[in-house]
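What follows is a single structure, written as structure tokens, with notes after it.
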């Protein structure tokens, strides 16, 4: 069983420690949590399914930044 730690850390640090070094740590993260339970995931570990329901659209400038970031090689 994993020991519970209440130490605060950022998403990149957590994923580097838990899984492996993140190659693109400057990419945006995805908020999948609620106001009571915060949850963020790196784009690298997420998968968008066909016809997935979207509850809230992002502002155009945010969409542009995300598109640019995820299409860089």
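The values are calculated or read from the model by the stated rules, or taken from the named source; none is laboratory data. Keep in mind that what you see is a predicted model, and the values were worked out from it rather than measured. Cβ coordinates were reconstructed from backbone atoms using ideal geometry, including for glycine residues, and neighbour counts include every protein chain displayed.
Would you check if residue 26 is on the phi > 0 side of the Ramachandran plot, part of a loop (DSSP other than H, G, I, E, B) and either at pLDDT 80 or above or within 15 Å of the chain's Cα centre (by Cα) (or both)? Lay out the reasoning, then the answer.
Numbers: on the phi > 0 side of the Ramachandran plot: no; part of a loop (DSSP other than H, G, I, E, B): yes; either at pLDDT 80 or above or within 15 Å of the chain's Cα centre (by Cα) (or both): yes.
No; evaluated as a whole, the condition is false for this residue.
Going through the stretch 9-36 one residue at a time, which ones are touching a helix residue (DSSP H, G or I) at 6+ places or on another chain (Cβ under 9 Å), surrounded by 10 or more Cβ atoms within 10 Å (Cβ to Cβ) and under 20 Å from residue 62 (Cβ atoms)?
24, 25, 27, 28, 29, 30
Conditions tested, residue by residue: (1) more than 23 Å from residue 12 (Cβ to Cβ); (2) surrounded by 10 or more Cβ atoms within 10 Å (Cβ to Cβ); (3) at pLDDT 75 or above.
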site	(1), (2), (3)
38	no, no, yes
45	no, yes, yes
52	yes, no, yes
65	no, yes, yes
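In contact with a strand residue (DSSP E or B) (Cβ under 7 Å, 6 or more places away or on another chain) and under 20 Å from residue 68 (Cα atoms): is that true of residue 11 in this structure? Write out each step before concluding.
Numbers: in contact with a strand residue (DSSP E or B) (Cβ under 7 Å, 6 or more places away or on another chain): yes; under 20 Å from residue 68 (Cα atoms): no.
In short, no.
Evaluate the following for residue 56: is it surrounded by fewer than 11 Cβ atoms within 10 Å (Cβ to Cβ) and modelled with pLDDT under 75? Walk me through it before giving the result.
Details: surrounded by fewer than 11 Cβ atoms within 10 Å (Cβ to Cβ): yes; modelled with pLDDT under 75: yes.
So residue 56 fits the description; yes.
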